[in-house]
Amino acid sequence: MPTSARPTRTTDTRPSPADRRRAAAVEREAAARRAARRRTRQRWAIGTAAALAVAGGATFLAVRGGDEAGSAAAPVVGGDLHTLTSIGDALYVGGHAAVAVSRDGGRAWEQVPSLEDADAMGWAQTSDDLLLGGHPGLFRSTDGGASFTPVTGDGAVPDVHALGAAGVTVYVGSPQAGLMVSEDGGDSWETRNAEAGRSFMGTILVDPADPQRLLAPDMSSGLLASSDGGRRWTPLGGPEGAMAAAWDPTDFTRIVVVGMSESAISADGGQTWEPLAVPAGTSAATFSADGTTIYTAALDGETAVTSASTDGGRTWNLL
C-alpha cells in the first residue's frame, strides 16, 4: 500500500505588526529627510532669485557686527541632519558624517574631528561626561566636548538612535534593544523596556529633579511621556512622526517638537499645542541654556543651515 504523505509544516515568516510599524517609521524618516532637502533647496533657490532682484543699495542679508549674517563657513554634517542640541554655552549640530560646534550662538562653527562618521543621533549630559550616540554606538567626552572617544567594554551600546540623561541616570533608545538604562553614568546597562524605544529618535528629555520623568520623540507616533523611568509610556500629543524634541531648560512646561511634516510648541507641558512655523526643511530644534532662544537646523546638501528665534518662533533669523 502507498504510504500516506505527511502534511508539510510551514513557518509563518511574515513580519509582526511591531516589525511593520518600525519598518514604516524608518521609511517615513527617509522620506521626510528627502522632502526636507528638497524644501531647503527650493528655499535657497527662491532666496537667490530674490537677492538678484534687489536693486541699487538695498541689502538682502542682515548685517551683524560688521559682517554679513551667514558669511561664516556653514557646519558640515553629511547627507543627513539628525540633531541640534544646546549644552551650556555650546551649540552642537550633527548628522551622518560629521558634527560641528558653535560657542557664540551659531555665528561661527568648528568641526569636531573626533566625531567624524559618528552619525550623531542623540546627546546626553551626565554628572561628569558628555555622551553622544549614533549607528556606530556611544561616544564619550571627558573634556567638556573638546574631544570624544568610542565607549567600549560594558558601557558599549550598538546603534543608538536616542539618548538622554540626568545625573548618573542615562537612557538609550536602540532599534535593536529597545529602551536601556544605566544608573552609573553609562558604565553598564540593563534593558528597561524591550519594545519601547525602538523607534525613538534624537534626545530623550530627562527631568534633572526626577530622572524617572521622561519625554521622548517617537518616529512611529509622536511625543511620549513616562513617569516611571520608561517602564510605561503614554502619548503626549504634538506632531506625528516626532524626529526631535526640546524643552526650555528654565521652564520644562515649554516644549518644542519637530515632526516629519509639521512642528508644534506647548506652553503647558504638552497638555495643549500650537503650530510652530519653523524654517523650511527643519529636522531638529533646541532651546538655548537660558531659554531665550529657539534654534533650528535644516540640511542643505551636506551642510547645516541654522536659524534662531527670540520671540517664541514668530520670526526667525538665519545664522
Quiz item: How large is the accessible surface per residue of segment 188-232, computed with a 1.4 Å probe and reported in Å² as a whole number?
Solution: 37
Self-check item: Pairwise label distance in nanometres, residue 116 with residue 147, each label 7 Å out on the Cα-Cβ vector
Solution: 1.5
Practice problem: Give me the distance in nm between label points sitting 7 Å out from Cα along the Cα-to-Cβ direction at residue 210 and residue 227, one decimal. | Solution: 0.6
Self-check item: Computed over segment 253-319: relative contact order in percent, which uses C-alpha pairs under 8 Å that are six or more apart
Solution: 21
Quiz item: Per-residue HN-Hα couplings for segment 166-179, Karplus 6.51 cos²θ - 1.76 cosθ + 1.60 at θ = phi - 60°, whole Hz, x for Gly and Pro?
Solution: 8, x, 9, 8, 10, 10, 10, x, 10, x, 8, 10, x, 8
Quiz prompt | Extension gain from residue 108 to residue 311, taking 0.36 nm per residue of separation minus the Cα-Cα distance | solution = 70.9 nm
Quiz item: For the pair residue 194 and residue 262, how long in nm is the line joining their label points, each one 7 Å along Cα→Cβ?
Solution: 3.7
Practice problem: Using a 1.4 Å probe and ignoring any ligands, DNA or RNA, find the accessible area of residue 265 and quote it in Å² to the nearest 10. | Solution: 30
Self-check item: Estimated vicinal HN-Hα couplings, Hz - segment 233-239 in sequence order (Karplus 6.51, -1.76, 1.60; Gly, Pro = x)
Solution: 10, 10, x, 10, x, x, x
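The values are calculated or read from the model by the stated rules, or taken from the named source; none is laboratory data. Given the structure is predicted, the values throughout are model-derived calculations rather than measurements. So basically every Cβ, Gly included, is an ideal-geometry build from the backbone, and we count neighbours across all protein chains shown. Ligands, DNA and RNA are excluded from the accessible area calculation, which covers all protein heavy atoms including side chains. Shrake-Rupley method; radii C 1.70, N 1.55, O 1.52, S 1.80 Å.
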